[in-house]
Amino acid sequence: MTDQMLSVAIMQPYIFPYLGYFQLVRAVDHFVSYDDVQFIKRGWINRNRVSAKGQDMLFTVPVQGASQKVRICDVLAMPDDKWLRKFDTQLRHEYGKAAHYAETRDLVMGTLEAHKGAPVSELALGSVSAVMARLGLPFAPQRSSETFTGTEDLKRADRLIAITKALGAQRYVNLPGGMALYGTDAFAAQDVDLRFIFDRSQAYEQFDHPFIPNLSIIDILMHNDPATVRGMLGQYRLLSAEEATASSAPNALAQ
């Protein structure tokens, strides 16, 4: 297999995810929002982290109908006006003096407002779409709930392989956290090249406190212009599990 092979990423939808998620989007030819699997409480679907007084602060978008017996696409995002005002205030208090506060605040709050009462999967996917548009980059995701029905009963790795092959691709790319979930043998047996993406970007200025890695893309957009962020998205390595283990590739928080 060569580096010219078509590649696929299949990821649960995360709200305003960290940089590695966006690097994954840029690294592949096809991105599939894995929205018809079980909702994970206390995961990254409706939660993420921003900065607050030099520490990381978790924010959680309220949802309705959340259960690990329910599909992500069947859970509703329910950020009411009170929650939105509180989050808006938190962003202003922490980032009001950031170089790109105004435009980033409008992007974030506009996305949240536009998806009130929508499936949380659409809010999360909408957050990625809004960021990609801000960066001037194309983004044409597919949804597993719409495009790949009939594959739901396959085992976890088997379904990922089936979707990859259905898209005519030969490579499946995942975040580093997937190394604990997927072995290479099942993919290799189906002639699918399994790779993991590792961030190589550098720390950026976060006011006057020590750098906090792997915060939501919100933090990056507050402090950096679109051209700088686009450059960050290209700073990654694609490694096999064996290469990653051998090189001890760093990734402090594999969301």
Treating the angle as unsigned and between 0 and 90°, give the value, to the nearest 10°, between the Cα long axis of helix 101-114 and the longest Cα principal axis of the chain. 70 degrees
Rounded to the nearest 10 degrees, what's the angle between the helix 81-95 long axis and the longest principal axis of the chain, both from Cα atoms, 0 to 90? 80 degrees
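Averaging sequence separations of C-alpha pairs under 8 Å and six or more residues apart, then dividing by the length of the range 1-130, give the relative contact order as a whole percent. List each step's numbers first, then the result.
Working: 189 pairs, mean separation 34.5, N = 130.
Value for the range 1-130: 27 percent.
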For LEU194, other-chain or 5+-apart residues with amide H closer than 5 Å (H placed, Pro excluded) are TYR172
For Cα extents along the principal axes in Å, several values are listed as (1) 61, 45, 42; (2) 53, 40, 29; (3) 55, 51, 35; flag the one computed from this structure. (2)
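Using a 1.4 angstrom probe, figure out how much accessible area the chain has per residue, in square angstrom, rounded to the nearest whole. Please report the intermediate quantities before stating the final value.
Details: 11750 Å² over 255 residues.
On a per-residue basis, the chain sits at 46 Å².
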Cα-based helix-to-principal-axis angle, 156-166 vs the chain, degrees rounded to 10: 80 degrees
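Out of the trypsin sites (Lys or Arg not before Pro) in the range 141-202, which ones are loop residues according to DSSP with at most 14 other C-beta atoms within 10 Å? All intermediate terms of the calculation are to be shown ahead of the outcome.
Values: sites: ARG143, LYS155, ARG156, ARG159, LYS165, ARG171, ARG195, ARG200; in loops: LYS155, ARG200.
For trypsin sites (Lys or Arg not before Pro) across the range 141-202 that sit outside H, G, I, E and B with at most 14 neighbouring Cβ atoms in 10 Å, the list reads LYS155, ARG200.
Computing the accessible area with a 1.4 Å probe over protein heavy atoms, can you report the carbon and sulfur percentage for the chain? Mind showing how you got there, number by number?
Values: 5650 of 11750 Å².
Exposed carbon and sulfur together represent 48 percent of the surface.
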10 Å-binned pair-distance histogram of the range 36-146 (Cα, whole percent): 13, 43, 34, 10, 0
HN-Hα couplings for the range 193-203 via Karplus (6.51, -1.76, 1.60; θ = phi - 60°), in whole Hz with x for Gly/Pro, come out as 7, 8, 10, 10, 9, 10, 5, 10, 6, 9, 4
Centroid-to-centroid separation of the range 146-198 and the range 65-124 [C-alpha atoms, Å]: 30 Å
Value of [θ]222 nm, deg cm²/dmol, for the chain, DSSP H segments ≥ 4, -39500 (n - 2.57) each, nearest 500: -11000 deg cm²/dmol
The relative contact order of the range 122-255, taking Cα pairs under 8 Å that sit 6 or more residues apart, comes to a percentage of 25 percent
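The values are calculated or read from the model by the stated rules, or taken from the named source; none is laboratory data. Small disclaimer: the values here were computed from a predicted structure and weren't measured. Neighbour counts are summed over all protein chains in view; Cβ atoms, including those assigned to glycine, are modelled from backbone coordinates with ideal geometry. What goes into the accessible areas is simple: the full protein's heavy atoms, side chains included, and nothing from ligands, DNA or RNA. Shrake-Rupley method; radii C 1.70, N 1.55, O 1.52, S 1.80 Å.
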